[in-house]
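As structure tokens, the structure follows; a few thoughts come after it.
FYI, it's all coordinate maths here, none of it is from the lab. Quantities reported herein were computed from a predicted structural model and do not represent experimental measurements.
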């Protein structure tokens, strides 16, 4: 999962994507309604790629947990964050059995499911394997198009280039001779005036 550029702003609902850098702020776009506004340094901003969940041993990055939810749900929506907290805790226990129940609050669990469903509905939640395969497909189709274009259009491109260059060469030559002849005619009357 690529969560770069996606942030959470304390006191504001939902998630935001950083779209530009302002003078004293960053311009963010809401993943809910696509509205843009500036976020300032006084706002408490958290990048999703820096967030992790407490476990008994170590912290587990949010990216990995979202990937696990995506795999368990087979790319479909997870339970709503408005569900009973016991349902959400059971779901999280299936994915992350060693999460620290004392330090991971119910509000954190609700936020996790809200963010997952929001990222999924906005199209920002794709596993890296899917993105890599999409990129490979695009690269393959581009290469095929280019190779077809190169092999079929080489002769026609060369012919067109030669044809377009030939008149271009003739026109400057013709216009140069026309200028020379018109320049001679102009000089003659000028010489008669003196």
Legend entry - Over segment 6-128, equivalent-ellipsoid semi-axes from the Cα gyration tensor in Å: 26, 16, 13
Inset, instruction - Can you tell me the relative contact order of segment 6-128? Whole percent, Cα pairs under 8 Å, sequence separation 6 or more. - result: 21
Inset, instruction - Let me see the pair-distance distribution of segment 62-102: every alpha carbon pair, 10 Å bin width, integer percents in order. - result: 28, 60, 13
